[in-house]
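The values are calculated or read from the model by the stated rules, or taken from the named source; none is laboratory data. Just so it is clear, the structure is predicted and the values come from calculations on it, not from any experiment. Cβ: placed from backbone, ideal geometry, glycine included. Neighbour counts: every protein chain shown. Only protein heavy atoms, including side chains, enter the accessible area calculation; ligands, DNA and RNA are left aside. Shrake-Rupley method; radii C 1.70, N 1.55, O 1.52, S 1.80 Å.
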Amino acid sequence: MSKYFPSDFEEKWAAQWVEDGLFQQTFEQTGITPDPPSHKATEGRGNKMYLLYAFAYPSGSGLHVGHVEPLTALDIMARYYRSIGKKVFFPVGWDAFGLPAENYAIQTGIPPVKTTKDAINTFSRQIKRIGVSYDWGAEIATCHPGYYKWTQWLFLQLYKKKLAYKKDAPVNWCPSCQTVLANEQVVEGTCERCGTDVVQKKMEQWFFKITQYMDELISGLGSLDWPKATKLQQLNWIGKSEGVTTTFKVQDMDIEMSVFDSVPQTYMAQTFTIIAPEHPLVYELVKGTDREEEVMAFVERVKKKKASGSFDFEKDLEGIFTGKYLEYPLAGDRKLPIWVASFAVYEYGTGIVNCSAHDDRDFIFAKKYGIPLHPVMHPEDPDEATKVMSLEYCYHHEHEGIIEEPLPFKGRRWGEVRSDIIDYLESTPYGRRDTNYKLRDWLISRQRYWGAPIPIVYDPEGNAHMVKEEHLPWMLPTDVDFKPTGESPLRLSKEFNERVEKLYGKGWTPEYDTMDTFVDSSWYYLRFTDPRNEQEFARTEAMKKWMPVDFYMIGPEHIVLHLLYSRFFTKFLRDEGYLSVDEPFAKMRHQGMILGPDHRKMSKSKGNVINPDDVINEYGADTLRMYEMFLGPIDQDKPWNVESVQGQYRFLKRVWKMFEGIKGSKDQKIKRSKDQEDKVKGKTQLVSLLHRTIKKVGDDIEQLKFNTAIATIMEFLNMWERQISNSKTQMSISDARKFLKILSPFAPFMTEELWRNQLGEKESIHMAPWPQVDESLLQKSTIIVPVQVNGKVRGRVDIGVNDEEDIVVEQALKDETIIKFIPEKTYKKVIYIKGKILNIIV
RNA sequence: GGCCGAGUGGUGAAAUUGGCAUACACGCAACACUUAAAAUGUUGUGGGCGCAAGCUCGUGCGGGUUCAAGUCCCGCCUCGGCCACCA
């Protein structure tokens with residue numbers, strides 16, 4: 001047998017597995033008869049295990065070490081769950097539409113179809129090279145007409161239910177990408193992709209009415225096994241808040257204004273009203289008055305500042321008086337001056353707020369412009385109360401204080417009075433209980449080429465009609481120019497325009513926009529269950545068989561958008577009768593980021609990028625996999641260490657060497673002669689450790705603790721080598737086989753090579769069952785227990801596992817080093833935690 | 001500003017969930033093999049004191065609970081992530 005050269009066999013086995021179809025066609029088992037539930041099942045419904053890694057965008061630069069970590073983790077799970085008898089479904093697909101390919105086309109003129117195909121080929125090759133046991137038979141790509149046909153179908157279903165609608169709305173526009181961006185794609189006022197300042201623009205846009213499902217998107221989180229932080233972020237994003245909406249008349253005008261307030265306790269403190277600069281009512285208020293010019297100039301200035309992204313609410317806290325007053329009969333004949341204020345948010349609530357002394361921003365604003373304030377709550381300390389009432393500082397409404405007004409509630413506590421005040425406001429003609437959300441409907445229109453065309457056509461009067469289902473897939477035209485013009489590229493396609501007139505009539509025109517790629521990627525896990533179906537997006541039985549996804553691994557960057565959208569689609573399709581699950585992803589975790597050796601995020605400009613191909617060329621794919629899994633906990637950010645990689649290579653070489661000695665040796669019965677006693681003892685110890693290792697590796701994989709699983713395997717190898725050199729004890733072949741098997745999910749290539757060539761097995765190691773743990777071997781008969789005196793470890797005793805306290809104490813008191821610390825030879829108290837520790841208190 | 005997470009050797013990190021702190025690995029040092037290097041192997045490796053057995057301090061800082069705290073409680077400090085004008 002030659003030395004360990006991974007390049008000798010890794011690619012051979014990768015090709016062989018594909019040829020033998022080892023991990024293939026699981027989706028075809030989609031079945032009609034569900035499998036009987038397994039007792040081994042710890043996750044998943046019955047015996048199925050749907051494993052999913054976030055839909056990858058096939059970028060031109062190829063696979064990154066950051067992809068290798070989650071891919072390997074899922075692959076380990078896939079191989080492990082298969083060997084304990086689960087039906088594993090582990091499909092692969094490509095989130096293939098999107099801006100980078102189109103931007104590249106703008107630069108080079110190479111069509112996105114071509115670059116995307118190349119990129120997918122590169123990714124596929126690399127993923128196969130690291131041995132990911134994907135089911136390639138279920139491969140899908142969102143840019144394929146066979147896929148986007150159903151994305152368009154989904155759009156039409158939403159349209160039929162009025163959950164897809166068109167509206168003229170101010171949108172975020174990126175001047176560089178020449179496209180509309182969703183709120184979520186605007187980062188600090190700049191475009192998420194190119195960093196250009198985003199501007200506001202009004203356009204007719206298509207929306208999905210995700211807000212229809214807001215309450216269920218909140219309540220559904222309860223049942224999910226997701227990281228706590230992720231759930232919280234979703235909650236914050238939806239931003240539900242309950243309160244009161246009150247409506248009042250503007251003095252001397254025929255205008256009513258509504259305001260939302262989630263802190264209605266302040267209502268008697270409210271002394272002025274602010275309105276967002278973007279609000280159309282601003283113009284109505286000042287139109288034709290002597291304030292019109294000044295106010296509208298202010299509005300323009302603030303809007304521009306906000307659009308540029310440089311708006312800072314503390315620095316730019318400013319406003320202007322409209323000259324109008326809001327009638328406020330809740331406080332007698334009080335009139336609230338109406339101000340346009342830079343910090344009022346048009347998109348939230350009604351865009352109009354009544355302000356009081358009990359809010360930091362309101363307080364600062366009022367002080368700045370000399371607007372009177374009227375505090376109604378104060379602290380219990382009388383000195384402090386005087387300061388608050390004389391407006392020395394803002395006593396924030398989140399503090400627990402004593403209510404002064406309204407009089408019927410006087411003397412009660414702030415937090416406790418809230419509900420009663422809402423009831424009171426509801427009993428007046430002005431208020432009603434109300435709920436507000438931060439979540440907006442989902443803007444899906446994109447003035448872009450490389451996406452799924454929106455399946456809508458317009459008649460000559462401009463009315464929207466659905467593209468007929470028999471015309472799906474509504475093909476993306478190819479005769480387009482990629483130069484950005486601010487128009488949708490599809491507008492200039494001759495074929496596209498002619499197609500519509502031919503199919504629908506003279507003067508009919510297509511919708512030129514394409515869909516946000518998040519639409520494509522928010523239902524792909526359903527298509528996987530029935531990827532070649534041409535009649536339906538997926539058969540109901542197929543989805544019933546596999547859904548929900550049992551384990552989903554995605555990067556933390558997808559916490560908000562992708563997950564909310566996917567949950568929305570799932571709930572919609574359930575309501576339409578296609579699906580029987582409420583939530584798509586039962587269990588989810590996030591992989592951490594692999595940082596550069598300098599502990600910073602990898603990037604070309606920093607020159608700290610590690611290329612997985614280089615690592616494979618030097619050490620092989622097994623080493624790369626082992627290293628990334630050994631680095632640390634999967635959900636944590638971890639720096640790459642160039643030198644540490646060799647540690648894994650060294651370990652694999654040692655394993656390889658061990659199996660050199662195995663070939664040809666037979667399982668021998670060791671004679672129980674005197675000189676053989678060491679051997680027997682060593683062998684017993686080794687076998688016992690092997691079974692503990694098998695158990696721990698399995699447990700660790702199920703808990704995603706891949707780093708400690710590997711450490712455990714290493715400990716076993718250390719022991720194995722020591723036994724060979726100390727007592728000349730070799731393990732039996734059947735035990736060596738078990739060892740190889742538990743290593744095989746981590747290092748699939750080397751273990752396969754040794755399994756077949758060294759152990760002479762005919763079937764792949766990856767089809768072999770996980771070794772059974774012999775529970776009787778897990779028990780040790782004697783253990784070493786640390787002995788503490790007054791809480792400090794002073795010695796150890798060797799005792800039987802089941803020995804009771806008095807025996808252990810007796811043993812401990814025989815030990816000279818221990819007795820040294822018990823000068824009086826007596827003790828007050830003894831604490832013995834069975835098998836763990838003995839503490840003697842003197 | 002809000003929410004979440006994290007601080008353990010020279011480095012990446014373990015710690016059966018309150019029970020021997022530093023498993024496993026990297027690095028480093030010495031030795032063996034070698035003409036030499038690489039590779040490999042052996043031994044050592046938290047700080048201080050000591051020839052040594054051993055003692056003592058030690059998980060960001062300060063307190064507390066407990067027979068026992070990296071782990072639980074209270075108060076700080078530092079770093080990272082996300083959201084940030086949401087009334």
Quick note, region A:84-191: a/c under 1.5 would make it rounded; otherwise a/b > b/c is prolate and the rest oblate (a ≥ b ≥ c, C-alpha gyration tensor); here it is oblate
Going through A:K681/A:K728; A:K201/A:K324; A:K728/A:K762; A:K679/A:K738 one by one, the pairs whose alpha carbons sit over 22 Å apart turn out to be A:K201/A:K324; A:K728/A:K762
Descending accessible area (1.4 Å probe), largest on the left, turns A:V609, A:V797 into A:V609, A:V797
Measure of exposure for A:H67: accessible area at 1.4 Å probe, Å² rounded to 10, is 40
Sorted by chain and number, the residues with a modelled amide H under 5 Å from that of A:F272, at a separation of 5 or more or across chains, are A:C355
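Using the Kirkwood formula over every pair of different C-alpha atoms, what hydrodynamic radius in Å results for chain A? Before the final figure, lay out each step's value.
Numbers: mean 1/r = 0.0310 Å⁻¹.
Across chain A, the inverse of the average 1/r is 32.3 Å.
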Chain A: relative contact order from alpha carbon pairs under 8 Å, six or more residues apart, as a whole percent, is 14
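Give me the 1.4 Å probe accessible area per residue for chain A, excluding ligands and nucleic acids, in Å². Display every interim value, and only then the final one.
On the way: 38210 Å² over 842 residues.
About 45 Å² of surface per residue is accessible.
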Quick tally, 1.4 Å probe accessible area for A:H358, A:H399, sorted with the most first, runs A:H399, A:H358
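State the percentage of accessible surface on chain A attributable to carbon and sulfur atoms; use a 1.4 Å probe and exclude ligands, DNA and RNA. Could you put the intermediate results ahead of the total?
On the way: 19230 of 38210 Å².
Answer for chain A is 50 percent, counting heavy atoms of protein chains only.
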Taking only the alpha-carbon positions of region A:749-840 as identical scatterers, the Debye log10 I(q)/I(0) at q = 0.14, 0.25 Å⁻¹ comes out as -0.58, -1.20
Whole-Å distance linking the alpha carbon centroid of region A:351-403 with that of region A:586-601 is 45
Taking Cα atoms only, helix A:65-83 is inclined relative to the longest principal axis of chain A by an angle, in degrees rounded to 10, of 60
One finds the C-alpha centres of region A:248-288 and region A:677-741 to be spaced, in Å, by 74
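Hey, if we sort A:V282, A:V113 by accessible area with the 1.4 Å probe, largest down, what's the order?
Numbers: A:V282 0, A:V113 80 Å².
Correct descending sequence by accessible area is A:V113, A:V282.
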Within region A:48-182, pairs of Lys residues whose Cα atoms are less than 25 angstrom apart, provided they are eight or more positions apart or on distinct chains, add up to 14
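Pop the C-beta distance of A:A331 and A:K167 into the FRET formula with R0 = 35 Å and round what comes out to the nearest 0.05.
Efficiency, rounded to the nearest 0.05: 0.40.
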As a Kirkwood estimate from alpha-carbon pairs, region A:146-297 has a hydrodynamic radius in angstrom of 20.0
For A:D383, the accessible surface traced by a 1.4 Å probe with all protein chains present amounts, in square angstrom to the nearest 10, to 110
Computed over chain A: longest principal axis from alpha-carbon atoms vs helix A:99-108 long axis, angle to nearest 10 degrees, is 80
Listed by chain and number, the residues whose amide H is under 5 Å from that of A:A141, excluding neighbours fewer than 5 places away on the same chain and using placed H, are A:W94
Rounded to the nearest Å, the spacing of the alpha-carbon centers of region A:54-71 and region A:786-842 is 55
Scoring region A:488-623 by relative contact order with C-alpha pairs under 8 Å, at least six apart, yields a percentage of 17
Taking only the alpha carbons of region A:689-828, the radius of gyration and the largest Cα-Cα distance, Dmax, both in angstrom, are 21.0, 70
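What shape does region A:106-168 have by the C-alpha gyration tensor, where a ≥ b ≥ c are the square roots of the eigenvalues, rounded means a/c under 1.5, and otherwise prolate means a/b greater than b/c and oblate the rest?
Values: a/c = 3.54, a/b = 1.66, b/c = 2.14.
Taking the square roots of the gyration eigenvalues as a ≥ b ≥ c, region A:106-168 is oblate.
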Excluding residues fewer than 8 positions from A:K3 in its own chain, the aspartates and glutamates with Cα under 14 Å of it are A:E660, A:E753
Region A:556-631: spread of alpha-carbon positions along the three principal axes, whole Å, largest first, is 53, 28, 18
Proximal lysine pairs in region A:330-446, meaning Cα under 28 Å and 8 or more positions apart or interchain, come to 8
Relative to chain A, whose Cα atoms define the longest principal axis, helix A:228-238 and its Cα axis are tilted in degrees, nearest 10, by 20
Rounded to the nearest 10 Å², the accessible area of A:V88 using a 1.4 Å probe with every protein chain kept is 10
For A:K836, counting only lysines whose alpha-carbon sits under 17 Å away and dropping same-chain residues fewer than eight positions off, the answer is A:K780, A:K792
Bounding extents of region A:379-502 in its principal axis frame from Cα atoms, largest first in Å, are 80, 34, 24
